[in-house]
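First up is the structure itself, then whatever we jot down about it.
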Amino acid sequence: MRMKSRLAKVGWMVALGALALSASATDVATLRNGFTIRHESRAPLGEVTRLFLTADGSSFVDVPTAEIIQIEKNVGPLPGAEKTDPAPLAAAPASPGTSPAMAVPAPAAAQQKPAAPIDLSHTVNSAGERYRLDPDFINSVIRAESGFKVHAISPKGAQGLMQLMPGTASKLGVPNAFDPDANVDGGTRYLRELLERYNFDLVKALAAYNAGPQRVDQYHGVPPYRETRHYVASIVRDFNRKKLAQQKATKTSVAAGSKTAKTPTAKAKTAKPQTRMASAPKQQPPADATSEASASR
């Protein structure tokens, strides 16, 4: 029976210490940044927690444990776990805002012409500020969609950095999808709309950006497309990697600053006794500074 087969596949997660959940319900992890991730089971792996998006464990995301502020039961259908015929698994997901007939594998964008490297930091930061989205999250989407190629075109016609279909670009008010500022603005605004539509469920919003909201609504979550599942997991991993690196750099900087601040204090304590006695007192060694990796969004 298909359900028994699925349950058998997740058995190894229990052996690894995973907190396995019921196959008929799923949990919702709420992150500090406001995003939510629906998952069927989870496993603690050191400083990160692996959230399994499917019952067979084929799709998962690693989230810093410290960034998960709560986990609660979700009474809705399992995301992407509905029974389907084998055919949809081979179907290509739709590009942002398109129908399934206009299916486009977003990461497999072709380049129309060589593009000189440009600095997108101002463009992405400005869009993030306008639509209240983390610039690192926007960059992770751009990386998955076009590999930062301004003139990228998919086989089905999705264009630019955030791979907007012509119809979608028109609805978003983007006259030229190859204009980095216009493309990133339109794509970021669409991401914000999807996040609001799905109550800031990060996984659902990304799945809708890749496969289309129609498919996400149809399957009550991540549709059963291998590409979409890989797409979502890839973006979340890349986003988390950036946050972990930033957190580590911040910890190192703070620790170094603390060490520098304490050193003059130790010297001051040794200078005062030297004015009253001939022999120098014991020198107070400065506190050692340590750097450790920490979790982030």
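Could you name the aspartates and glutamates in cross-link range of Lys204, using Cα to Cα under 18 Å and dropping any fewer than eight places away on the same chain?
Once the sequence-local aspartates and glutamates are set aside, what remains near Lys204 is Asp27, Glu40, Asp62, Glu72, Glu82, Asp134, Glu145, Glu193, Glu196, Asp217, Glu227, Asp238.
Quick one: order Lys171, Lys156 by neighbouring beta-carbon count within 10 Å, fewest to most.
Working: Lys171 13, Lys156 19.
Ranking Lys171, Lys156 by Cβ neighbours within 10 Å, fewest first, gives Lys171, Lys156.
For Lys149, go through the aspartates and glutamates and keep the ones whose alpha-carbon is under 14 Å away, minus same-chain ones fewer than eight residues off.
Partners within reach: Asp119, Asp179, Asp181.
Working out 0.36 nm times the residue gap between Gln246 and Glu196, then minus their Cα-Cα distance, what length gain in nm do you get to one decimal?
Working: separation 50, 0.36 × 50 = 18.00 nm, distance 2.67 nm.
Value of the extension gain: 15.3 nm.
Every number here is computed from the coordinates shown, using simple stated rules; none is lab data. Note that the structure is a prediction, hence the values are computed from the model and not measured. Cβ sites come from the backbone with ideal geometry, for glycine too, and all protein chains shown count toward neighbours.
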